[in-house]
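Quick notes on the structure that follows.
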Amino acid sequence: MGLGQYIRDFSSMFFPNICQACGKLLNVKEDCFCTTCVHHFPYTNFHLQPDNTLAKQFWGRVNVSSASAFLYFNKGSKVQNIVHQLKYNKQPQVGVAIGKLYAQELKQFPDYQNLDGIIPVPIHPHKIKKRGYNQSEQFALGLAQVLNTPVCTDILYRTEERESQATKNRIGRFENMQKVFNAVPANYALENVLLVDDTITTGATLEACIMALQNIGIKNIHVLGIAFTQ
Ligand SMILES: [Zn+2]
């Protein structure tokens, strides 16, 4: 961890009203991020482009209604700071704030207007215990506030601890992930859902989740991430 990151982590413990991307003090109207950062975030605008790079990752593998991510993720960037604050520095409100920001943009598009529910990718219970929350669920909560859609945490769950991904090749990773997620049918109408994750890299996690959701008959699955690693 660099010195800058260390100072930001230390400051945010005592001064929660600093920008979670750059560390600057926030004014009363700003929520989690300063106006300058929000203005300069590396937006993907994937929601305007149905055949975007992320959506293409699913082509020929699983059927998704749409796939989009809010920001591009690059090492050493402000987006990395945000993800760090959300995942490793006990700042769940960062996920909520990102969800609200993104939904303000998405709410004008039909894909996001008739959803039955928002389903966060579940994390392992020992991570919940350590972190105190599921970061994807925080993102979902922010989206839910603006899109006026419930967050469903009773559908998709993790079945077992996955083995280390590091030693596996791409095929091995996909096979490994598919054993990890399972879904139980909802006792309410759930046909059109938004599946949300924090950072999307290979899409292996999402692919496994999508298959589990399709197994219980969910037809339209829209995928959304906070950040996308190119
Ligand atoms: Zn800032």
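The values are calculated or read from the model by the stated rules, or taken from the named source; none is laboratory data. Because the structure is predicted, anything quoted here is derived from the model rather than measured. As a convention, Cβ positions derive from the backbone with ideal geometry for all residues, glycine included, and neighbour counts pool all protein chains shown. Remember, those area values only see protein heavy atoms, side chains included, never the ligands or the DNA or RNA. Shrake-Rupley method; radii C 1.70, N 1.55, O 1.52, S 1.80 Å.
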Exercise for review: Would you kindly identify the strands (runs of 3 or more DSSP E) lying entirely within the stretch 176-230 that contain at least 2 residues that are of a type in the set (D, E, K, R) and open to solvent by less than 40 Å² (accessible area, probe 1.4 Å)?
Suggested key: 192-200
Check your understanding: Tally time: how many residues in the stretch 38-75 are part of a helix (DSSP H, G or I), within 16 Å of the ligand (Cβ to nearest atom) and under 19 Å from the mean Cα position of the chain (by Cα)?
Key -> 1
Check your understanding: Taking the stretch 116-148 only, how many residues are open to solvent by 10 Å² or more (accessible area, probe 1.4 Å) and either in contact with a Cys (Cβ under 7 Å, 6 or more places away or on another chain) or of a type in the set (A, V, I, L, M, F, W, C) (or both)?
Key -> 6
Study note, to complete from the structure: Those residues of the stretch 76-102 that are open to solvent by 60 Å² or more (accessible area, probe 1.4 Å), in a helix (DSSP H, G or I) and within 16 Å of the ligand (Cβ to nearest atom) come to a total of 3
Practice item. Considering only residues that are in contact (Cβ under 8 Å) with a residue 60 or more places away in the chain and touching a helix residue (DSSP H, G or I) at 6+ places or on another chain (Cβ under 7 Å), look in the stretch 120-150 and name the one that is nearest to ASN89 (Cα to Cα). Key: GLN135
Check your understanding: Does GLY172 qualify as being at pLDDT 95 or above and either among the acidic types (Asp, Glu) or at negative phi (or both)?
Key -> no
Point to revise | Residues located in the stretch 104-115, provided they are open to solvent by less than 30 Å² (accessible area, probe 1.4 Å) and closer than 17 Å to PRO50 by Cα | key: LEU106, TYR112
